[in-house]
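Here it is, the structure, as structure tokens.
The values are calculated or read from the model by the stated rules, or taken from the named source; none is laboratory data. What you see is a predicted model, and the numbers here were worked out from it, not measured in a lab. Neighbour counts run over all protein chains shown; Cβ positions are idealised from the backbone, glycine included. Note: accessible area is taken over every heavy atom of the protein model, side chains too, but ligands, DNA and RNA are not part of it. Shrake-Rupley method; radii C 1.70, N 1.55, O 1.52, S 1.80 Å.
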Amino acid sequence: MKASQKCINMIKQFEGFCGTAYKCVSTEEYYTIGYGHYSKDIKKGQKITKEEAEKLLLKDIAKFEKHVNSYNDKYKWSQNEFDALVSFAFNVGSIKQLTADGSRTKTEIASKILSYNKSGGRILPGLTNRRKNEQMLFLTKDPDIESYLNCIKEVFAGSLGNGSVRKNNIEKMGLDYNKVQKIVNILSH
């Protein structure tokens, strides 16, 4: 599986963009830059553009996609579950402990997500908010085929607009814009 745009947007929202390398906590070993890129290759005072940060973000996400996919044979993740766990792993580093190395049920995983809201033993409001959003996404049922068919009908009726307006309207419906557009393009020819 691959992270959807919804997942990428969630990570960007919670990580925020910083064009200059920084340490969240002075005791951290490495610096962070861009959208949460934390690595030994980042140096103090280093600068980055949003475009460069996007490339690093996608590279970092690929590592966490692979990690979450390593549990897919057991869990058969839905897209929303997968996206929530990629966001979680991006922030925490892994889902191994969250899943108890694959021994927890999906219900247990969902309830445990909220427990990961501390740093240095203190509850952090930002982490609490992120975990709530990840849990909500994890528990949200993926759209069914009927939702996509109705959306495609609306596209052909012209009620969702064009370009970025259409994209925003489709994403507000909780659907994958690229999937809808691919089907629309096939049906249009």
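On average, how much accessible surface per residue is there in the chain, in Å², for a 1.4 Å probe, leaving out ligands, DNA and RNA? Intermediate results must be reported in sequence, preceding the final value.
Details: 11140 Å² over 189 residues.
For the chain, the per-residue accessible area is 59 Å².
Something else now. Taking only DSSP H segments of four or more residues, each worth -39500 (n - 2.57), what value at 222 nm results for the chain once the sum is divided by all its residues, to the nearest 500 deg cm²/dmol?
Details: 9 runs with 106 residues, N = 189.
Value at 222 nm, helices only: -17500 deg cm²/dmol.
Provide the solvent-accessible area of ILE123, counting protein heavy atoms only and rolling a 1.4 Å probe, rounded to the nearest 10 Å².
Approximately 110 Å² for this residue.
OK, next. Determine ³J(HN,Hα), in whole Hz, for all residues of the stretch 51-62 in sequence, where each value follows from phi through the Karplus function 6.51 cos²θ - 1.76 cosθ + 1.60 and θ = phi - 60°; x replaces Gly and Pro.
5, 5, 5, 4, 4, 4, 4, 5, 5, 5, 4, 4
How would ASP41, ASP83, ASP73 line up by accessible area, probe 1.4 Å, largest first?
On the way: ASP41 85, ASP83 0, ASP73 130 Å².
Ranked from most to least accessible, the order is ASP73, ASP41, ASP83.
Further question on the same structure: How far apart, in nm, are two points set 7 Å out from the Cα along the Cα-to-Cβ line at ASP73 and at GLU146?
Result for the modelled spin labels: 3.6 nm.
Tell me the net charge near GLU15. Cut-off is 11 Å between Cβ atoms, GLU15 excluded, with +1 for each Lys or Arg and -1 for each Asp or Glu.
Values: positive: LYS12, ARG130; negative: ASP60.
The answer is +1.
Starting from the Cα-Cα distance between SER188 and THR20, subtract it from 0.36 nm times their residue separation and give me the gain in nm to one decimal.
Working: separation 168, 0.36 × 168 = 60.48 nm, distance 4.55 nm.
Length difference between fully extended and current span is 55.9 nm.
When we measure straight from the Cα of LYS2, which aspartates and glutamates land under 18 angstrom away, once same-chain ones fewer than 8 places off are left out?
The reachable aspartates and glutamates, counting only those whose Cα sits under 18 Å from LYS2, are GLU54, ASP60, GLU65, ASP73, GLU81, ASP83, GLU134, ASP142, GLU171, ASP176.
For the chain, rounded, prolate or oblate, judged on the Cα gyration tensor with a ≥ b ≥ c (square roots of eigenvalues), a/c < 1.5 rounded, else prolate if a/b > b/c? If you can, show how the numbers build up before the last one.
Values: a/c = 2.25, a/b = 1.42, b/c = 1.58.
Since a/c reaches 1.5 but b/c is at least a/b, the shape of the chain is classed as oblate.
Note down the net charge around ILE170, summing +1 for each Lys or Arg and -1 for each Asp or Glu among other residues with Cβ under 10 Å from its Cβ. Numbers along the way, then the final one.
Values: positive: ARG166, LYS167, LYS172, LYS179; negative: GLU154, GLU171, ASP176.
In short, +1.
May I pose another question? At a 1.4 Å probe radius, carbon and sulfur cover how many percent of the accessible area of the chain?
On the way: 5930 of 11140 Å².
Reported share for carbon and sulfur atoms: 53 percent.
While we're on this one: Does the stretch 88-179 classify as rounded, prolate or oblate by the C-alpha gyration tensor (a ≥ b ≥ c root eigenvalues; a/c under 1.5 gives rounded; else a/b over b/c gives prolate, otherwise oblate)? Don't jump to the answer; show the numbers that get you there.
Values: a/c = 3.63, a/b = 2.20, b/c = 1.65.
It is prolate, given that a/c is not under 1.5 and a/b is the larger ratio.
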